[in-house]
Amino acid sequence: MQKVINEIKKLDIKVLYKKEDIYPYAFDTAPLKKEIETPVCVVFPKNTKDVQKIVILANKYGLNIVPRGAATCHTSGCKPNQKSIVVHLSLMDKIIEINKEDLTAKVQPYVVVKQLQEAAEKLGLFFPPDPSNLAVSTVGGAAALCAGGPRAFKYGTTKDYVINLKVVLGTGEILETGSNIAKNVTGYNLTQLFVGSEGTLGIITEITFKLIPKPEKRLVTLCYFNSILDATKAVNNVINALIVPSTLDLLDKNTLSTIEKFNPTGFIEEREAALLIEIDGSEAKIKEDNEKLFKVLEESGSAKIIQSKDEEDNENIWKARRSSYACVTKLRPNVATEDVVVNRSKILPLIKGIQKICKKYNMIVCIMGHAGDGNIHPNFALDLSNKEEKENFELVKKELFELAISLGGSLSGEHGIGSEKKPYLEMALNPTALKYMKEIKKLFDPNNIMNQGKVF
């Protein structure tokens with residue numbers, strides 16, 4: 001493959017090819033269950049034209065293209081094989097423009113989500129998508145996976161804010177999917193086709209997001225319950241009271257105890273379950289909603305209610321919540337985070353089902369999730385070097401997905417499919433849908449070089 005490397009060098013594109021240099025790019029945050037395969041090389045394009053040149057070169061030599069950002073995906077979505085070029089987008093990290101008048105932001109893919117949020121907030125604007133790893137994850141990854149996060153119940157997911165994309169297709173062509181305006185129904189909605197496509201159709205090189213005015217204030221509430229049943233009932237009671245929280249998250253006993261053990265903050269207590277509820281808006285609206293919220297929670301069998309007193313409390317409660325994954329990693333050598341979605345009415349049977357499955361296979365699970373939209377994340381603590389545990393986890397995963405589908409749910413809400421969930425795709429989609437998805441893949445990527453082995 002020296003020919004490939006020599007050609008890339010001629011293009012004036014930074015390239016790594018020594019084994020010790022490319023090894024860190026051979027895996028992502030998904031648990032390592034297979035042998036590591038290092039790519040041919042890792043390239044660092046500076047702009048869309050650089051990406052185009054690399055894709056054309058990959059077609060020429062029959063190599064796979066693996067787009068990579070912060071690699072925080074939990075589904076092996078950016079793991080390479082031995083015949084791949086990793087296209088690392090770290091040099092494409094600029095906020096090109098934030099237009100306050102038009103409420104838009106044009107950015108490159110390696111802009112970190114938190115960076116965009118903070119830049120928007122300085123202008124009194126708001127970018128709602130809020131993945132738990134927002135201080136690391138990139139907007140390109142958020143678009144590629146259609147990330148959501150805790151705010152999705154009120155504000156939606158990334159797809160609700162992407163209005164235009166610049167994409168380098170598997171053919172090497174450059175495509176703009178939409179336009180930088182608020183409303184556009186001219187032709188097919190190609191933008192939404194690429195959001196959530198996981199780099200299998202093309203590489204996103206520029207994104208235009210819609211922004212909204214920043215809410216005036218927020219208030220965070222932690223409500224503890226003595227049973228999961230009471231907590232899930234409270235979720236529906238809050239919504240039925242016509243309260244629309246920006247966040248309505250559920251944490252089970254194992255999650256609460258793990259956070260308290262490894263990251264004590266003074267806010268987290270070991271109870272059977274808790275709801276983290278954030279309401280935002282004007283001061284008057286928050287006061288009105290909070291009065292209703294407090295009453296609903298008390299009537300729903302709350303065991304204890306803690307509310308933030310100021311913005312510092314808001315941040316400290318959120319730091320505790322966002323530390324949950326890191327805390328779970330300290331229980332066992334590995335943690336596998338899954339991502340399934342059901343209707344709110346099915347949250348309780350889903351959680352009970354997960355607990356039953358884990359008891360059957362003697363596996364530790366910490367369950368948390370965005371209860372407002374039914375997106376539940378079981379975090380499995382295990383040791384993948386143990387053959388029995390490794391085999392059992394595959395059975396746990398299969399039974400989890402079967403359970404979610406049997407409850408009318410889906411395999412993924414925001415983590416994507418990658419290669420980890422690819423074997424289960426037929427479980428969730430009907431044959432006609434699968435057929436046309438595969439045809440779309442062939443249309444935009446006829447040589448099947450874009451993130452090969454992911455999704456399809």
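Observations, loosely collected:
- Helix 347-360 vs. the chain, principal-axis angle (Cα, 0 to 90°, nearest 10): 80
- Low-density loop positions, GluC sites (Glu not before Pro), segment 156-224 - DSSP coil, at most 14 other Cβ in 10 Å: Glu173, Glu216
- Segment 217-325: C-alpha pair distances exceeding 21 Å, %: 30
- Net +/- balance of residues flanking Gln115 in space, Cβ distance below 13 Å, scoring K and R +1, D and E -1: 0
- Cross-link pairs exceeding 20 Å between alpha carbons, from the set Lys352/Lys397; Lys79/Lys435; Lys183/Lys435; Lys79/Lys454: Lys79/Lys435; Lys183/Lys435.
- Segment 1-73: GluC sites (Glu not before Pro) falling in loop per DSSP and having at most 15 other Cβ within 10 Å: Glu35, Glu37
- Think of each Lys and Arg Cβ as +1 and each Asp and Glu Cβ as -1; about the Cα centre, that makes the dipole of the chain roughly 1240 debye.
- Cα-Cα separations in segment 331-428 greater than 20 Å, expressed as whole percent: 32
- In terms of its C-alpha gyration tensor, segment 1-111 has an oblate overall shape, because the principal axis ratio a/c (a ≥ b ≥ c, square roots of the eigenvalues) is not below 1.5 and a/b does not outweigh b/c.
- Couplings for segment 363-376, taken from phi via the Karplus curve 6.51 cos²θ - 1.76 cosθ + 1.60 with θ = phi - 60°, read 10, 7, 9, 10, 9, 9, x, 8, 5, x, 10, x, 8, 10 Hz in order; Gly and Pro are left as x.
- Sparse-neighbourhood loop sites, trypsin sites (Lys or Arg not before Pro) in segment 154-184 - DSSP loop, at most 14 other Cβ within 10 angstrom: Lys183
- Cross-link pairs exceeding 18 Å between alpha carbons, from the set Lys49/Lys100; Lys166/Lys422; Lys3/Lys53: Lys49/Lys100; Lys166/Lys422.
- Cα centroid separation, segment 274-335 to segment 112-173 (Å): 23
- Cα-only Debye scattering, segment 321-387: base-10 log of I(q)/I(0) at q = 0.12, 0.20, 0.29 Å⁻¹: -0.32, -0.82, -1.28
- One entry in (i) 69, 58, 43; (ii) 81, 80, 39; (iii) 94, 56, 47 is Cα extents along the principal axes in Å calculated from the shown coordinates; its label is (i).
- Part-to-part distance (alpha-carbon centres) for segment 1-44 and segment 417-456, which is given in Å: 24
- Note that segment 95-213, at 4 °C in a medium of 1.567 mPa s, gets a Stokes-Einstein diffusion coefficient of 92 µm²/s from its Kirkwood radius over C-alpha pairs.
Rule-based calculations on the coordinates, nothing more; no lab input. Owing to the predicted nature of the structure, the values given are computational and were not obtained by experimental measurement. Please note: Cβ atoms are built from the backbone with ideal geometry, for glycine as well, and neighbour counts cover all protein chains shown.
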